[in-house]
Structures are given as C-alpha cells and as structure tokens.
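Report on the structure given below.
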Amino acid sequence: MAFRREKDDEEEGSTNIYQNLEKTSVLQETRAFNDTAVNPRKCIHILTKILYLINQGEQLGTREATHCFFAMTKLFQSKDVVLRRMVYLGIKELSSIAEDVIIVTSSLTKDMTGKEDLYRAAAIRALCSITDSTTLQAVERYMKQCIVDKNVAVSCAALVSSLRLGTTAGDVVKRWANEAQEALNSDHIMVQYHALGLLYHIRKSDRLAVTKLVNKLTRNSMKSPYAVCMLIRIACKLIEEEDISADEMSESPMFTFIESCLRHKSEMVIYEAAHAIVNLKNTNARVLSPAFSILQLFCSSPKATLRFAAVRTLNKVAMTHPAAVTTCNLDLEGLIADSNRSVATLAITTLLKTGAESSVERLMKQISSFVAEISDEFKIVVVQAICSLCSKYPRKHTVLMNFLSGMLREEGGLEYKTSIVDTIITIIEENADAKESGLSHLCEFIEDCEHISLAVRILHLLGKEGPFANTPSKYIRFIYNRVILESPVVRAAAVAALAQFGASCPSLLNNILVLLSRCQMDPDDEVRDRATYYLHILQTKNQELYKHYIIERENCSVGLLEKALQDHLNGDCSQSFDMSIVPKTTIVKEEIKDEAMLITNSKSPRLPKITPEEESATRLAQIPGIQALGTLHRTTRPIQLTESETEYTVQCVKHIFPSHIVFQFDCLNTLSDQLLENVRVELSLPEGFMIRDLIPCPKLLYNDLQTTFVIVEFPQDVNSSAATFGATLRFVVKDCDPSTGIPDSDDGYDDEYMLEDLEITVADQIQQTKKSNFQAVWDAADTEEWVEAEDTYSLSAVQTLQDAVNTIIKFLGLGPANLSEKVAEGVATHTLLCSGTFRGGAEILVRAKLALSEGVTMQLTVRTTDSDVAELVTAAIG
C-alpha cells in the first residue's frame, strides 16, 4: 500500500523542505502527470508542492491553473488511495481559479457513489466545490443519499458540503430538509451536530419553524454535546429576539432548557450554558446566580482549559455584572499564581476591573511578583487593565503611577514600553493631579531610553504639558540633555520642545534663546534649521506668531497632504501650492480589544490609524469638479437608511465641505432576478438648501455594491443648516436570469423605494480638535475678535453626570480636552472642556459646568470667532 513510509523518507530536524519552492519549476514538474505509467509517489510529492504554494499565498494565473487542473485529471487512472485523495484536494483548491472545471463532474460522481469508502467523503467535498446552482440538480439525488449514508465520514462530508452550498444554491438545498432531519436522529455525535447545523440554516429565515425545531429537540435528549451547544446558541438567539424581562425569561421554556444544561454530563455543554446565560440581556441576580456558580467552580478545576474558559468569561462580563463577578474574586486571586500564564493574566485583569478602591494597594503587591515572570505580550494586557483601573479610581493614581514607572525601568521590547508610556500619558490627560508625577517618571525614562520613537513622543508631551506645570524650569535639563546625547531625530524633537517653553513661559525665554543659539551649531541640518526657525520667531516676542507657529500648530492629514502634492505636481505648477486645501487631522480613537483577544492575538501587526477623510479622498476624487467645493472638512460615519434584510439596502456617508455637503449613497441590490439601472437618490430639500449636482449609478447588479452621489449647497443662514431631508431611491428595473444576470429584454420600468429620513446635525458640521492646554487657549480667546454666548439648561433626560457629558459631546461633535472624558465616581459637579472647528474655519471653544440637581443642570459657555456659529451651538442643546 502507498501508506507505507520508508525510513529514508523521515525528515531530519525541523527544516521545511518546501520553503524555497519556485512556482515556475513546480508547474513544469506537472508534466509527470501525463506519463503513461503514473508514478504515484512522485505525483503525490508534486501535488504537495502545488498545495503548499497556494496555501502560502502564491497566485496562479487562470491559464496556469487550468493547465495544472487538466494535467491533474489524468491521475484518475491511478488506483493509489493517497494520490487520489491528493487529487481531490487539488481540485478543491484550483476550482475557483481554473476554467472548465466542471469536466471532472462525472469522475467525482462515480467516486462519490462507488464502493471505496476512502474515496467517497473527499469526492463529495471536491464535487461540491465545483458545483453551482445550475449543475447541482444533476447530482441532487446522490447528495440526498449521502446525507443519510451509514458511513459517518460520508454523511458528515455531505452535510458540511450542503451547508456551504446553502449560500450559493439555497433553494436546492432547502429541498434536503427531510434527509437532514433523518440524519439528526443518527447515533454518531458529529453527524447529529452537522445535521442540526444544516437544518437550522435551511429554516433560519422562518422564526416559527426554528422555534418548533428548538422546542422539539429540547424535549428529546440529544447524544451529541456539540449539537447541544449549538442548540443552546439557537435558543439564546430566540430569547434575545423576544426582548423579554428577567422574570419572563426565567419562565421561558427555552431558558429552562439552557439552565438545565448546567447539569449536563458534558463539561463543554455546562460551560456553553453558563457562558450563554451570563451574556444574555435583561437578566437579574436570580437568573445569573447558577451560571456564576458554575464559572466559580470551573476556576478551581484541575483542567487548564476549563480554568481559562471560566476566567475569560468572567473577564468579559466583569464590566456588565461587576457585583456578580466580585463573588468570584477569592477564586480569581488563587489563579494569579496559576502555571498557565494566560489564565493568570486574565485573572489579574479581571480583579483590576472588579476590585474595590481600598484593595488597589494589595492588588499591586500581588501583581508585582507575577509581572516579572511573564512575557511582554502578557505584560501589555496587565498595563491596559491598570489604565482602566486608574480611570475608575483617579485618587489612586500615585500607587498606579509608581507601579508603572517600576515596569518602565525593567527590560522589555518597544511594544511593551509603548503600552506603558501610552498609559502614563492617558493618566496625565485624564487626571490633572497626576500630571507632575507622570511627567517626572517620563523624564527619568528618557534618560536611558533606547527607543527613538518613544523619546520623540515624550519630548513632544513635555513641550505641550511642561510649560504649564508648577515648576516648568525643572524639565529644561532633561530636554537639553537629549540635544547633547541623542540621535538627530531626538535632538530635533528636543529643540521643538524647548521652543514650546520659550513661547509659553516668558520668565524662561532668555534661557531658551541661549540654548537654541547653541543648537545652531549642531552637525545635523534638520536640528540647525529648527533651532534657527524657532530662535527667529521667539526673538520677535510676538504672541500671535507664537500661537500660530509654535504653541497651536495645526497638523494636516499626512496621507491627504501627499495626495494634494501629487495632484499639484501633475497639474499647473506655475501657481504656488495652497496648504489650506489639505484637511486637518482628526482625532482617531483606537478600539481596545478585550484582554482575551489581546492574549491570543498578541503577535498580530498593528495597523496604522486611518481617518475617515483619508478613506474618502480617493472615492471623492472621481466626482467631476469636486475640487471647486474647496477643502474637505470632515466625513461622517455611515448610517443605514434601510433595514438590513430588505430587497434594497442603502447606507449614507456625509462629506462636509465649507459651503456644500456631498451625500454618498452606497446601494446594494439583493434580488438576483433584477437588474437596476439609472439608480439615484432624490432628496426633499428643506428651505434654503439647493442641489448642485446628482451623479447616478448607471447599473446595479445583484449583490454588487455601487455608489450614487448628491451635491447640496448649504443655506446662507448658518442657523438653518441643521435640517431633515426626505429621501427616495429611484431606478429602472429590468427582469433578468438569476444565474447569468442578463436582462430578459431591453425594456424596463420605473420604480422607487422609500428610504429613512436623513438628518444634517450640528455635530456633522464640526470637526473635533484637541487643545494641548485648554485653559491657556480659553483665556487667550477673551478678546473682541471672539464672540461669547452663555446659557443655562436643565437636562431632565439624563440622570448622571457621565450621561450628560456623553450627550453633549454627541450633540455638538466637539473633541473633549481629555480623549476619554470620564467623570469621577461620587462627585456632584463636573466641568467639561471641549473644542472643534466649524465648516469654513470658525474655531469653537466650549465650557460646560454640570451639577446634579433633580437631573443635571448645565451652564454652557461658548466662545467662537463667528456669532452665527455661537447661536447654532447653543440652540443645539436647547
């Protein structure tokens, strides 16, 4: 048999014998498939190389894949079992690239219905990979037989292949429900599991049918623990869709079934049930109690997998059910010393989320010995948990900051050190009391910092925050040391930081001028140029120059600046480049994953942050005459104008310009028997708005996302710019063949589809900004050039200060002085400081003083360079 392996074939060491393969030479080797006497061993080796190349991401052209595919079909003449199964794998991989793959249907059908069980399962998978809705009917009878086949491998292969075919040939697969129902009665656990998956897929669009299926199966004891787990998930989905209260939920038959699974003999089912219950909405302590008891029990299990599953679930729900998780704190503290570092890390981060303020010092002591023993990936997770804890208990910043500074002095890679620096910077931004100690810790760190990027970031922060500290002069020594000792990049950053002190601290100006004059002798061009540039500005002693060129420099979007420069070079270079056409950078918040995801995906690369404006630049450039609208001010997030399951789905993105708005409508046709032409969205305009252009979508095929644009001019009156638009999708319908997409005739008929109303809000027209020192900017705005508006409001719809803060930021679209504006627990007053830029360039500064008093009372003060904008902002809250 071909299964026999010779001793010489064993690999020596861990060398990958396929790592230096070349596609061209491997494809030439496929000529061996055409030999009269096929050599199975040689052909298996060649097929392995092909599969390896494809799975490593090597791209085969259509011609190459087709040639290789047809050469592979010659191997059907061999009776070698291993070779035949390799051929099946090859067919599956090449089926989506090669042409005329349907030619092997008869050979695969023969193997699928033959007597050799080793062929049948693999033949089914290969056949389904080359079959579409038109050819599936020819083998439908054989597929039905295979679903109920007594051979487990054959039945499972048929069920899984049917599930995959359900996405492309759903109407045909739906006719196999009876066979799937019969397979559901199988004694084999995997057949039962796959049968339930197929049956649910067939009936998932019919809620009543799914409910009947669940009710029937919950009354019968299923042998497969995998099937029971799936049944729990289906039951949870049905409960969530009902949106019932906790008391009603506890009486629901489906919840009763899930709760009964907590007593199942399979640990997998028990965990699935506990996980499902703690993640249900609208629950109470009585509903959750049994599930948390199970998770608490699993925390002390001798099996690492159960401990990990339990602590990961507790970690995930710690913020939604803190009181319930707190009951498990004793067990979690026992897991800090767990031999499995993933378990220990999750236990620590969960304790940091649920721990009381009084226990912070004790937790830090427990963690200190543990942190030294774990890798950087796990340390990063702990650091992020400490950041969350400091936001929760700001009065404990001293303890937490000292702990972080100790971690900063330890050995570690760039990513680990970056996470600590990020956390310290976040604490400084969110907690004014922590600024002095945070800056001191960072100053000590850059004395021995080997990472250039971190040194530059810290110097930038010192330049922004240091001048406004109690004793700014103490930071000068740390900064100037970098000019003497570091690389050119760090020296340049240090020069910029020194200039910030000179511009913001008049008492230090003479000393800074002396230091900058010394920097003019630096051997690096960039350092010398910066020193000369800042020296001349500071010598003018002009506060306006300081503000615009040193203190409040506005950074443009680098990606859009590059594109604008390329467009300028490709156009008329006789005119100078206008920097004002490049949109300013926006605040891009990085989404924080949960700790368990960070642990399991710690090696994944970090993608660069991209602003919505950068994403939109390429698409907007295709609109004729878009340059005439001026600078793109901001781009909003997409909003859905239809339900997700309707025949046509439309989402809208709003691109705001100084005097215009470009509506981008992304349209999707979900009807396979219709072709839409001349697709456009017609708007019902409020008074003052004018449509300047409408760009329709010429053709919208089935399942193809296309875009139509509408350009609208804002009214002259700024106070009328917040309005609601009616929207209607209009198009010409042509009936077509679902399999080909070709219209039945050239004639069509006009049709329309009503969309949800569309709003232009005040927040849409404001770009968030972040002032490095808001108080200094606020005081500087107390001049005749700025307009101030003040009013008092009673926010009866909100009950907490945090809700009030979130509502104000949402309605006004302004950027808070702290990126994550959090209200400290237990306080009765709070001051929100935020800023932004209105379309057209008007600066906006807002100070909102909030107080708890039968709801929330707010005193709102707005300072802006445009009186109409001030009126619009105050009216947005009222």
**OP:** Please list 31-41, 507-517, 676-686 highest first by mean number of surrounding beta-carbon atoms within 10 Å per residue.
**Re:** 676-686, 507-517, 31-41
Subject >> Gap separating the Cα centres of segment 634-651 and segment 226-294, nearest whole Å >> reply: 33
Original post:
Of ILE17, ILE425, which has the most accessible area and how do the rest follow, probe 1.4 Å?
Top reply: ILE17, ILE425
Original post:
What nm distance separates the two modelled labels at VAL732 and ASN282, each placed 7 Å from Cα along Cα→Cβ?
Top reply: 4.9
Original post:
How much of LEU852 can a 1.4 Å solvent probe reach, expressed as accessible area in Å² and rounded to 10?
Top reply: 80
Subject >> Residue-span extension gain [ASN20 to ALA776] - 0.36 nm each, minus C-alpha spacing >> reply: 266.0 nm
Subject >> segment 296-376: GluC sites (Glu not before Pro) in DSSP coil with no more than 13 other Cβ atoms inside 10 Å >> reply: GLU373
**OP:** Search the structure for amide H atoms under 5 Å from the amide H of ASP866, placed 1.01 Å from N in the peptide plane, and list their residues when 5 or more places away or on another chain.
**Re:** VAL787
Original post:
Just the accessible area per residue of the chain, please: how many Å² with a 1.4 Å probe?
Top reply: 50
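I need the semi-axes of the equivalent ellipsoid of the chain: take the C-alpha gyration tensor, multiply each eigenvalue by 5, square-root it, list largest first in whole angstrom.
55, 37, 34
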Original post:
Which sequence of HIS397, HIS568 reflects their accessible areas, 1.4 Å probe, from the largest down?
Top reply: HIS568, HIS397
Subject >> segment 478-541: trypsin sites (Lys or Arg not before Pro) in DSSP coil with no more than 14 other Cβ atoms inside 10 Å >> reply: LYS541
Original post:
Quick one: length gained pulling ASP524 to THR305 fully straight, 0.36 nm per residue minus the C-alpha distance?
Top reply: 73.2 nm
Subject >> Difference of contour (0.36 nm per residue) and Cα-Cα distance, GLU242 to ILE484 >> reply: 80.3 nm
Subject >> Mean shadow area of segment 614-760, taken as a quarter of the surface of its Cα convex hull (nm²) >> reply: 9.1
Original post:
Mind listing the phi-derived Karplus ³J(HN,Hα) values for segment 637-645, rounded to whole Hz, using 6.51, -1.76 and 1.60 with θ = phi - 60°, and x for any glycine or proline?
Top reply: 6, x, 10, 7, 9, 9, 6, 5, 10
Original post:
Can you run phi through the Karplus equation (6.51, -1.76, 1.60; θ = phi - 60°) for segment 860-869 and list ³J(HN,Hα) in whole Hz, with x for Gly and Pro?
Top reply: 9, 10, 10, 10, 8, 8, 9, 5, 5, 5
Original post:
Whole-Hz Karplus ³J(HN,Hα) for segment 429-436, in order, using 6.51 cos²θ - 1.76 cosθ + 1.60 and θ = phi - 60°, x for Gly and Pro?
Top reply: 5, 8, 10, 4, 5, 8, 4, 4
**OP:** Set the Förster distance to 56 Å, then compute FRET efficiency between ARG341 and LEU701 from the Cβ-Cβ distance, nearest 0.05.
**Re:** 0.65
**OP:** For segment 101-234, state the average projected area of the convex hull of the C-alpha atoms over all orientations, rounded to one decimal in nm².
**Re:** 7.6
**OP:** List the aspartates and glutamates whose Cα lies under 16 Å from the Cα of LYS810, skipping any in the same chain that are fewer than 8 positions away.
**Re:** GLU759, ASP764, GLU821
Original post:
Hey, what D do you get for segment 773-878 in µm²/s if you plug the Kirkwood alpha-carbon radius into Stokes-Einstein at 10 °C and 1.306 mPa s?
Top reply: 113
Original post:
Which values of log₁₀ I(q)/I(0), to two decimal places, follow from the Debye formula for segment 207-283 at q = 0.15 Å⁻¹ with a uniform point scatterer at every Cα?
Top reply: -0.45
Subject >> ASN542-GLN859 FRET efficiency (beta carbon distance; Förster radius 35 Å; 0.05 resolution) >> reply: 0.50
Subject >> Mean residue ellipticity (222 nm) of the chain, computed from DSSP H runs ≥ 4 via -39,500 (n - 2.57), nearest 500 >> reply: -15000 deg cm²/dmol
Original post:
Along the positive direction of the dipole of the chain (beta-carbon charges: Lys, Arg +1; Asp, Glu -1; about the Cα centre), which of THR326, CYS449, GLY855 reaches farthest?
Top reply: THR326
Original post:
Counting other Cβ atoms within 10 Å, which GluC sites (Glu not before Pro) in segment 95-147 have at most 16 and lie in a DSSP loop?
Top reply: GLU99, GLU116
Subject >> FRET E, pair GLU682, ALA37, Förster distance 56 Å, beta-carbon r, rounded to 0.05 >> reply: 0.20
Subject >> Normalised contact order of the chain, rounded percent, pairs of Cα under 8 Å and 6 or more residues apart >> reply: 5
**OP:** On a C-alpha basis, how far is the centre of segment 690-754 from the centre of segment 394-465 in Å? Whole number, if you could?
**Re:** 52
Subject >> Label point distance in nm, LYS174-ALA323, each placed 7 Å from Cα along Cα→Cβ >> reply: 4.7
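The values are calculated or read from the model by the stated rules, or taken from the named source; none is laboratory data. Computed from a prediction, not measured in an experiment: that's the story for all the values here. FYI the Cβ positions are ideal-geometry reconstructions off the backbone, even for glycines, and counts take in every protein chain you see. Surface accessibility is based on the protein's heavy atoms, side chains included, excluding ligands, DNA and RNA. Shrake-Rupley method; radii C 1.70, N 1.55, O 1.52, S 1.80 Å.
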